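Notes follow once the structure below has been shown.
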Amino acid sequence: MGMDVSERRIELSAPKLGHEEEEALVEAIRSGWIAMGEKVSLFERRFADLCQTPLAVAVNSGAAALHLLLEAFGVGPNDEVLVPSLSFVATANAPLYTGATPVFVDIDHISRPHMSLDEAARKVTSKTKAVIVMHYGGYVAPMNEWRRFANERSLILIEDAAHAPGGLDVGRFSDGAAFSFYSNKNMTTAEGGMIVSPHEKIGEVLKLLRNQGMTTSTLERDRGLAFSYDVTQLGYNYRLDELRASLGLVQLDRLLDQNRRRQELALLYREKLEGGEVLLPFDPAWPTTAHLTPILLPKGTDRREVMVHLRQCGIQSSVHYPPSHTFAHFQERYPGLSLPLTEQFASRELSLPIHPALSNDDVTYVAKSLTEALAR
Ligand SMILES: *Cc1c(COP(=O)(O)O)cnc(C)c1O
């Protein structure tokens, strides 16, 4: 109970849930069907519309979405998949689920922390089968360039779009994109995920894979549309349910407005912090869903001390991300692997609060508190 501990609480991210979500859940409960059913199908159609893709398949997490995409495109043992190390660990785990090997690629530049096209080109081997591009912080990666990169080498191009639902052209130029609706993402179903793809024909495979390889669903059998099923391949239980799909439908309606609010807040942060000691990655006009507000602290700053000061001001902050290749789990596989730009970026990065419920005043307060912390 230190006297200097602020009353104010500014969370890094916070889901915006209200009366409409409550009503949607009640309606789903009263409908008499809570497992995967018509709400899930409707959620898929609406999400496909958002992305302007012919196909969307709902699953129960972003990690499941990445895994199923790789499987559906036949990625497996002896294949290599190019991945960014500067991402949530789910990106690098996905190839491992299929028996493939993730190959870590460094970022472009500390002011443009997307996976580097040049370094990716150097890491392609005869075994490379796919590449997973991640829209860091919601800042949309240059998908035209990645499409050309993939075409020239006959690679499958996957987007980890967990940060970027509703982002400009996200999901349109790759072979498939994976979204997450975890509670801290731009839209949430508590847990949940979605796959979109321009290849309508992989929809059937994805739907088999998410449901134990079974050829009919429980709903179809319940409705008398089918009487039994076959299992044609190994599958998983990666199904979404009606409760979560109901939440998703409400959240989807608000997504673009909330993304716009996030973009305003991101620009306000820039206004408050530009010209100071911190570096703000990406230029202000870069298309973004503003999922994160990453900043780079001056070299040599004790980040822990900054985070402690912010905490005392009631402000939550975080680091996105500890690079995946530095985790014990991956160090065993790749001893001595070094990705200098990723390591430099991650050692100086700090993520400031951003979510649609923040006020302009909150941003001013965070910027002021950060400036104070740096002046110490
Ligand atoms: C959240 C996230 C995921 C995984 O999503 P889950 O729904 O938590 O499985 C994958 N990649 C990135 C970049 C993420 O931020």
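Once you sort the root eigenvalues of the Cα gyration tensor of the range 20-168 as a ≥ b ≥ c, which label holds: rounded (a/c under 1.5), prolate (a/b larger than b/c) or oblate (the other case)? Prolate, since a/c reaches 1.5 and a/b exceeds b/c. Between Glu80 and Thr101, Thr128, Lys129, Ala130, the built amide H atoms are under 5 Å apart, and every one of these is 5 or more places off in sequence or on another chain. As a rough footprinting exposure proxy, the listed residues Arg223, Arg304, Arg262 were ranked by other beta carbons within 10 Å of their own, and the order from fewest upward is Arg304, Arg223, Arg262.
Taking amide hydrogens as placed 1.01 Å from N in the peptide plane, the amide H of Val133 sits under 5 Å from those of Ile158, Glu159, Asp160, each at least 5 positions away in sequence or on another chain.
Our note on the geometry: Cα centres of the range 112-172 and the range 37-77, 18 Å apart. Annotation for Asp302 and Glu204: the two label points, set 7 Å from Cα along the Cα-Cβ direction, are 6.3 nm apart.
Relative to the longest principal axis of the Cα atoms of the chain, the long axis of helix 38-51 lies at roughly 50 degrees. If a paramagnetic tag sat 7 Å from the Cα of Ser111 along the Cα-Cβ line, which residues of the range 269-309 would have the backbone N under 12 Å from that point? Answer for the range 269-309: 275, 279-284. A simple spin-label model places the labels of Ala121 and Thr218 5.1 nm from each other, with each point 7 Å out along Cα-to-Cβ. Oblate is the label for the chain, because the ratio a/c of its alpha-carbon gyration tensor axes (a ≥ b ≥ c) is 1.5 or higher and a/b is not greater than b/c.
Of all lysines in the structure, those lying under 21 Å Cα to Cα from Lys368, and not within fewer than 8 positions of it along the same chain, are Lys272, Lys299.
Rounded to the nearest 20 debye, the dipole magnitude of the chain is 340 debye, with +1 charges on Lys and Arg beta carbons, -1 on Asp and Glu beta carbons, and the Cα centre as origin.
Each residue of the range 164-176 was assigned a 3J(HN,Hα) from its phi angle through the Karplus curve 6.51 cos²θ - 1.76 cosθ + 1.60 (θ = phi - 60°); the sequence is 10, x, x, x, 4, 6, 5, x, 9, 10, 9, 8, x Hz, with glycine and proline shown as x. Normalised by the number of residues in the chain, the mean separation of alpha-carbon contacts (under 8 Å, six or more apart) gives a relative contact order of 24 percent. Please say if the range 143-212 is rounded, prolate or oblate, where rounded means a/c under 1.5 for a ≥ b ≥ c the square roots of the C-alpha gyration tensor eigenvalues, and otherwise the choice is prolate for a/b larger than b/c and oblate otherwise? Oblate, because a/c is 1.5 or more while a/b does not exceed b/c. Neighbour counts of other Cβ atoms within 10 Å put Asp118, Asp160 in the fewest-to-most order Asp118, Asp160. The H on the amide N of Ser87, modeled in the peptide plane, is under 5 Å from the matching H of Ser324, each at least 5 residues off or on a different chain. Measuring r between the beta carbons of Leu96 and Glu27 and using R0 = 51 Å, the FRET efficiency lands at 0.80.
Where only DSSP H runs of four or more residues are counted, the chain gives -12000 deg cm²/dmol as its mean residue ellipticity at 222 nm, each run worth -39500 (n - 2.57).
FYI, it's all coordinate maths here, none of it is from the lab. Values in this document were obtained by computation on a predicted structure and should not be read as measured data. When we count neighbours, we look across all protein chains shown, and the Cβ atoms used for this are built from the backbone with ideal geometry, even at glycine.
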